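To start, the structure itself, in C-alpha cells.
Just so it is clear, none of the values below were taken in a lab; they were calculated from the coordinates. The shown structure was predicted, so the numbers you read here are calculated from the model rather than taken from an experiment. We place every Cβ from the backbone using ideal geometry, glycine too, and count neighbours over all the protein chains shown.
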Amino acid sequence: MGKSSRERRLSDNEAMARGRALRVSPRKLNLVAGLIRGKTASQALADLTFCQRRIAGDVKRILQAAIANAENNHQLDIDRLFVAEASVGRAFAMKRMHARGRGRSAQVIKPFSHIVVIVRERVESGEKA
C-alpha cells in the first residue's frame, strides 16, 4: 500500500518550475519577471539573455527548467509555449548588524525571494480551449 497520488494542480497544457530562496529582493525580482510575462518562450529566453540585471541569469535557468518539464514530462510542443505566469513571493530575510558611529549599530536586512514560472501551450485558433 502507498499513498494515492494527488490531483494535478495545473491543466494538461501547462508545466511549472520554481526557484526557491533566490538572493534578491522580491521587488527587484518582480521587475525581471515582468519582462517575460505573456511572451513566447523563445522571446522570453532572448530577453533574459540580454538583460543587464544580475538575477536575470537565474530566472533564465528557471524558465529553461519549465520548458524542459513541458517537453519531457508533459509532451508539449515547445514551439507553441508561452509564459502564462511568473509570480514572485517573499522568502526569509537574513538580519545582519552594521557598525555605525559613536558605538551604535544598524540592522542590515538581506531579503530572499521565491519565483514560480508556468508555461502554457498556446491553442490553435481552430481548436476549442
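Run down Gly19, Gly38, Gly34 and say which single residue is in contact (Cβ under 8 Å) with a residue 12 or more places away in the chain, touching a helix residue (DSSP H, G or I) at 6+ places or on another chain (Cβ under 8 Å) and not aliphatic (A, V, I, L, M). Even if it seems obvious, please write down each step before you answer.
Numbers: Gly38 fails: touching a helix residue (DSSP H, G or I) at 6+ places or on another chain (Cβ under 8 Å); Gly34 fails: touching a helix residue (DSSP H, G or I) at 6+ places or on another chain (Cβ under 8 Å).
Checking each option against the conditions leaves just Gly19.
For region 13-32, give me each residue that is surrounded by fewer than 17 Cβ atoms within 10 Å (Cβ to Cβ) and either touching a Pro at 6+ places or on another chain (Cβ under 8 Å) or at positive phi (or both).
Correct list: Ala21 only.
Which residues, counting only those in region 12-59, are within 16 Å of Ile78 (Cα to Cα) and small (Gly, Ala, Ser)?
Within region 12-59, Ala15, Ala17, Gly38, Ala41, Ser42, Ala44, Ala46 qualify.
Is it the case, given these coordinates, that Leu76 is touching a residue at least 12 places away in the same chain (Cβ under 8 Å), in contact with a strand residue (DSSP E or B) (Cβ under 8 Å, 6 or more places away or on another chain), outside any helix (DSSP H, G or I) and farther than 30 Å from Pro111 by Cα? Break it down stepwise before answering.
On the way: touching a residue at least 12 places away in the same chain (Cβ under 8 Å): yes; in contact with a strand residue (DSSP E or B) (Cβ under 8 Å, 6 or more places away or on another chain): yes; outside any helix (DSSP H, G or I): yes; farther than 30 Å from Pro111 by Cα: yes.
Yes, satisfied.
Here are Leu35, Leu48, Leu10: which of them is surrounded by fewer than 15 Cβ atoms within 10 Å (Cβ to Cβ), outside any strand (DSSP E or B), at negative phi and among the hydrophobic types (A, V, I, L, M, F, W, C)?
Working: Leu35 fails: surrounded by fewer than 15 Cβ atoms within 10 Å (Cβ to Cβ); Leu48 fails: surrounded by fewer than 15 Cβ atoms within 10 Å (Cβ to Cβ).
After applying the criteria, what remains is Leu10.
Test each condition in (1) under 21 Å from Leu10 (Cα atoms); (2) in a loop (DSSP other than H, G, I, E, B); (3) in contact (Cβ under 8 Å) with a residue 24 or more places away in the chain for Ala65 and report the one that comes out false.
Tallying (1) under 21 Å from Leu10 (Cα atoms); (2) in a loop (DSSP other than H, G, I, E, B); (3) in contact (Cβ under 8 Å) with a residue 24 or more places away in the chain, Ala65 fails exactly one: (2).
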